[in-house]
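Step one of this worksheet: look at the structure below.
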Amino acid sequence: MKAKLLSTEGKYLEALIEIGGAEYCVMDELTPDVESIPKDEGVFEFEFANMLDEEESWESIFQGNPEKKKGIN
C-alpha cells in the first residue's frame, strides 16, 4: 500500500504517516539513514508489522485492553 510521511520525531521514534486519508502514529523505521528517507513528496510503499516487548508478561498483554478495542495502535 502507498503511504505518505507527514512528520517524524527521528529514527526509531514516533512518526506520523497517512494511508488512504487516515493518519497513523508508527515507529519511524523509515528514515534510519539518508538513503532510506522517502522521496517523491514523501510517498512510499508501506507494510504494517507488529512488535512485542519481550519483557512484557503475557498477563499484561492480555489484560492491556479492558475496553476490548479493535484496531491498529
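No lab work stands behind these numbers, since they all come straight from the coordinates. Just so it is clear, the structure is predicted and the values come from calculations on it, not from any experiment. Cβ placement follows ideal geometry from the backbone for every residue including glycine, while neighbour counts extend to all protein chains displayed.
In this calculation the C-beta distance from Lys4 to Phe62 is compared with R0 = 35 Å, giving a FRET efficiency of 0.55.
With a Förster radius of 25 Å applied to the C-beta separation of Ala22 and Asn50, the computed FRET efficiency comes to 0.90.
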